[in-house]
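Working notes, structure below.
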Amino acid sequence: MSRQSLAAHTSGQISPAISPYGPVFPIADQETGLELLKLPRGFTYRSFSWQGDLMSNGQRVSPAHDGMGVVSVGGNGGQDTFLIRNHEVRGSGNLIAAPGQYDTAVQSGGRLGGGCDVLRIRNGKLIDHRGTLGGTTVNCAGGVTPWGTWLTCEETTYDGTSAGGKKHGYVFECSIDPSETTGEPIVGMGRFSHEAVAVDPVTGYVYETEDARNVSGLYRYKPTNTARTYGALAQGGQLQAARIVGTPAAKLLALGGNNAVAAVGDVLQVEWVNLDEPDAAPTGGASGPYAEALSKGCLTMSRGEGIWHHGDSIAIVDTSFGRNSAGADGRGLGAVWIYTPSTSNPERGTLTLLYAAAARVAGNNPDNLTISPRGGLVTCDDGDEVLDDFGEGQRIMGYSAHGEAYILAKSNVVISDGDIAKMGRTGQFPADDYRGAEFCGACFDPAGQTLFVNVQSPGITFAIRGPWASGNL
């Protein structure tokens, strides 16, 4: 993503741009034969590891597929791709059987059904899947590391200590070798409603987003141990929060008003401030780290979500940037920011508003985000169903080099009892129209040939292939 890439719509995009891949049509899944996705002509896909499927370790696949990353490529002559996938289980679910376990004491209502699986893909087909982390909750998104692991994030500050359990709201490191995953939290990275992380491969700093309505900070973690190996992050470091230079306690919630940004394309100067208590308890409806950051004049976003490093910058999603019909700040349709570190001062950088949605057809609350090896940005919808001239269904959006969003794919997941029986998945999930369920976990393989993505309900993972070179992805 070029730091010079600025959106053409200075007040927000009002309609989708024309896709370089063409319009989308229902396409049959190569695995089930069902038309589960709408894609441009020439694209194909295969589904696998559905909610309730039997995994290689004998356990059933957990529900609520969410964040995911391509962690490693290797084995079988370098032909195998390893994914690690989150399960954002909130109120129900069985404990994931995995070598890495964090909290097994509090199981009231199945509260601790979150965690992660490792999936091994060969030639577009699943050949192995098994748990690597259990005993966590609300594992939303995360991020891959340059050393071949996955950082999974709990989007909660749930405290189970009163019932004999543990505090939650942490980041955990997962390995593609489940036996290496310890299940120990990286406390120094902060306790808050984490969404996602992105590692700068040059500095080793880990950038973090927080998803808490209008009380979200933007953070980064500077590890003490710079060995860049599994477990190094857990050995301590410095948590920091972003502050807008010259604008104490700046609000980045919407365009204009008392906010610090007036138009798409605005560039803000950022400095990083040390936080003293990364494990502080929530207070006043906000996380402890956010409260300290605010007291030191740091910025506020509405709901920080996806974040991804590419080239010399980092793309960041605020899923509810903007205003609703009542004019309330931080309840809009979403935005994408670009953070670019300073090449001369590691404690400074710039934050540029690349894209903002001014109409639901142009932006349906983007959530998870990824960037292709060729530098093209992709987001996953997580808003209300799109009911317009473009038809129903959540979407995967691509973005031009100038930050204009276009429709890359749409959900067409409508499943009948007959479909479930034909697939041999009776009892795993109910028949329903799932087109309103969010896409999440989008990520490309290193060659840029396959886009992996999840539909959260029912949990399904897809591998999408096609003529990527005919567009900017």
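Observations
- For the stretch 239-251, Karplus couplings with θ = phi - 60° (6.51, -1.76, 1.60), whole Hz, Gly/Pro x: 8, 10, 10, 7, 10, 7, 4, x, 10, x, 6, 4, 9
- 1.4 Å probe accessible area per residue over the stretch 145-277, in Å²: 34 Å²
- Surface composition of the stretch 228-328: carbon and sulfur atoms hold 49% of the protein heavy-atom accessible area at a 1.4 Å probe.
- Mean accessible surface per residue for the stretch 2-102, computed with a 1.4 Å probe while every protein chain stays in place, in Å²: 42 Å²
- Accessible surface computed residue by residue for the stretch 330-372, with neighbouring protein chains in place and a 1.4 Å probe, gives 25 Å² per residue.
- Total lysine pairs under 26 Å (Cα atoms) in the chain, excluding pairs fewer than 8 apart on one chain: 12
- Whole-number percent relative contact order across the stretch 167-264, with pairs defined as alpha carbons under 8 Å at least 6 apart: 18 percent
- Inter-part distance where the stretch 276-294 and the stretch 334-390 are each reduced to a Cα centre, Å: 26 Å
- Sum of side-chain charges, LYS166 neighbourhood, beta-carbon under 14 Å (Lys, Arg +1; Asp, Glu -1): -2
- Radius 9 Å from Cβ of THR81, net charge of other residues (Lys, Arg +1; Asp, Glu -1): 0
- Virtual paramagnetic centre 7 Å along Cα→Cβ of HIS402, amide N under 17 Å, in the stretch 247-289: 264-266
- Value of relative contact order over the chain, rounded to a whole percent, pairs C-alpha under 8 Å and six or more apart: 17 percent
- Set the Cα radius of gyration of the stretch 104-184 against 2.2 N^0.38 Å, with N its number of residues, and you get 1.18.
- Note on the stretch 398-473: the alpha carbon radius of gyration divided by the globular reference 2.2 N^0.38 Å gives 1.33.
- Here the stretch 38-105 has 45 percent of its accessible surface on carbon and sulfur atoms, given a 1.4 Å probe and all protein chains in place.
- Global dimensions of the chain from alpha-carbon coordinates: Rg and Dmax equal 20.7, 62 Å.
- Radius 13 Å from Cβ of LEU253, net charge of other residues (Lys, Arg +1; Asp, Glu -1): +3
- Each residue of the stretch 442-448 is assigned a 3J(HN,Hα), and the resulting list reads 4, 6, 9, 6, x, 7, x Hz, derived from the Karplus form 6.51 cos²θ - 1.76 cosθ + 1.60 (θ = phi - 60°), x at Gly and Pro.
- Working value for the stretch 290-425: equivalent-ellipsoid semi-axes of 32, 19, 15 Å, each the square root of 5 times a Cα gyration tensor eigenvalue, largest first.
- Taking 0.36 nm per residue of separation and subtracting the Cα-Cα distance, full extension of the segment from VAL245 to ASP417 would add 56.2 nm.
- Vicinal HN-Hα couplings computed from phi for the stretch 310-319 (Karplus, 6.51 cos²θ - 1.76 cosθ + 1.60; Hz; Gly/Pro x): 7, x, 10, 8, 10, 8, 9, 9, 10, 6
The values are calculated or read from the model by the stated rules, or taken from the named source; none is laboratory data. This is a predicted model, so every value here is computed, not measured. Because the Cβ atoms are built from the backbone with ideal geometry, glycine has one as well, and the counts that use them run over all protein chains shown. To get the accessible areas, we keep the full protein, side chains included, count just its heavy atoms, and leave off ligands, DNA and RNA. Shrake-Rupley method; radii C 1.70, N 1.55, O 1.52, S 1.80 Å.
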